[in-house]
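J.: Dumping the structure here so I can ask a few things about it.
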Amino acid sequence: MRTILLCLASFVYSAAFAQRDCGTDSYWQEQLSANPGLIAKQREISLFTDKFIHSPSMQMKGQGYDPSATPVITIPVVVHILYKDPIQDISEAQVQSQIDVLNADFSSLNNDIEKVPNAFEPLIADCQIRFELAKVDPEGRATNGIVRKQTGRMFWVQDDRMKKASLGGDDAWDSRRYLNIWVCNLFSTLLGYSTFPGAPQDKDGVVIRTDVFGTNSSGSAYSKGRTTTHEIGHWLNLKHLWGDSPCGDDGVDDTPQQKTYSNGCPSFPNLSSDCNPGPNGDLFMDFMDFTDDACMQMFTQGQKQRIRAIFAEGGPRSSILASNALGAPWIDSLEASASVLSSQNGISVYPNPANMQLSIHGESELSGSSYMIYNSTGRLVLSGICNSHTPTINIGKLAPGVYFLRLIGAKDKRGTQFIKN
């Protein structure tokens, strides 16, 4: 009987695995149901995105962006590798292969881009998005952008437990500054799932099944790293082409409407959608469809606009642009001397790191001195006058990072550094 059950389970797995299984839609519906406040936030993001996309300044000859006016956005990435057995502890080279795939796919530099049918070539977009493994962790220490953690769990399901150290997973790094990717042995046919912009910070990110992360020679339909491209597309505010309902709306003007997802590797033209009577059929080679990895090749100009909108000033992912995760680490050098952070040039600050308030002590009188706080790029972000010998400064509105404090008195100038959590 056990043999029969195993064979049956194997048959069900193989049959289901013939279709790409992205759990984002069902996961996100669960999140919206459990958190009514998230629904309002999604409406705000939707209105912001639409306003940005349809702003006259964002249009160029009817579609897309002027590449010369749009800088490349580089997103710091941290990969949390959760493994029970050593075979699940994938190599750094495997991680880098996935980063390489992402950079090619989001820049239209993938070596299979020429497979896009001529009819759809004008839609191809270089999204001007790049990905790089983080160089600095949230505490300011040097990192290779990879966290490895051995766990006792054989499988993980779509319940976010992999995102919690207390549940055997690994806590997210500050999702305002990092794209978190959890790589783990997802159960059964589930290849991955993602949050959309606006998710709670401790859940925000992408989850990918171990055996489809990066490129590999398994010969499976999902061995070219496109599962991660697809899921990060969701993280960047892209929906499935069919809007997750028959002939639904994906919020993108230039993607042809289609009835439902595509399977395998269709032939052009794929005229399966009765809601798309055009001669070119479905855009099945788009990264936001369900085709096999080998048949995904492009994002559109409209999808590029939707992606770029979330990084605009006030957008839900604009904080990524201020991330210091790709800069130089600061904590290692500062820790060379235990007193470096707490005392320099006759002044000390505490607590350090600080969250809401920073107190300053000096060996000489501070009252009446001017203080100036600069961020890691050298920009002045806060200034004022010390009103006592031990002034307290409200730093609650500062973004997390390393800052430089300068005091200018009647007779001297002093300075030190501190970290804002």
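J.: Roughly speaking, to the nearest percent, how much of the stretch 131-269's 1.4 Å accessible area is carbon and sulfur?
T.: Roughly 49 percent of what the probe reaches on the stretch 131-269 is carbon or sulfur.
J.: Label-point separation (nm) for Lys259 and Asp25, each offset 7 Å from Cα along Cα-to-Cβ?
T.: About 1.5 nm separates the two model spin labels.
J.: To the nearest 0.05, how large is the calculated FRET efficiency for Ser359 and Leu321 if R₀ is 35 Å and r is the Cβ-Cβ distance?
T.: Calculated value: 0.70.
J.: When ligands, DNA and RNA are left out and all protein chains stay put, how many square angstrom of accessible area per residue does the stretch 217-334 have with a 1.4 Å probe?
T.: Accessible area per residue: 34 Å².
J.: Quick one: ranking Phe52, Phe120 by accessible area, 1.4 Å probe, largest first, what do you get?
T.: Putting Phe52, Phe120 in descending order of accessible area: Phe52, Phe120.
J.: Treating only the Cβ atoms of Lys and Arg (+1) and Asp and Glu (-1) as charged, compute the dipole magnitude of the chain about its Cα centre; round to the nearest 20 debye.
T.: 1120
J.: So, in the stretch 101-230, how many Lys pairs have Cα atoms under 24 Å apart, if the pair is 8 or more places apart or on different chains?
T.: 10
J.: What does DSSP give for the chain in terms of the percent of beta bridges that are antiparallel, rounded to the nearest 5?
T.: In the chain, approximately 55 percent of DSSP beta bridges are antiparallel ones.
J.: Dipole size in debye (nearest 20) for the stretch 242-309 around its Cα centre, Lys and Arg Cβ +1, Asp and Glu Cβ -1?
T.: The dipole of the stretch 242-309 has a size of about 180 debye.
J.: Considering the zone a paramagnetic label at Ile408 would reach in this model (a point 7 Å from Cα along the Cα-to-Cβ line), which residues of the stretch 351-366 have amide N under 17 Å from it?
T.: 366
The values are calculated or read from the model by the stated rules, or taken from the named source; none is laboratory data. Please read all numbers here as calculations on a predicted model, not as lab measurements. As a convention, Cβ positions derive from the backbone with ideal geometry for all residues, glycine included, and neighbour counts pool all protein chains shown. Protein only, heavy atoms only, side chains kept; ligands, DNA and RNA dropped before computing areas. Shrake-Rupley method; radii C 1.70, N 1.55, O 1.52, S 1.80 Å.
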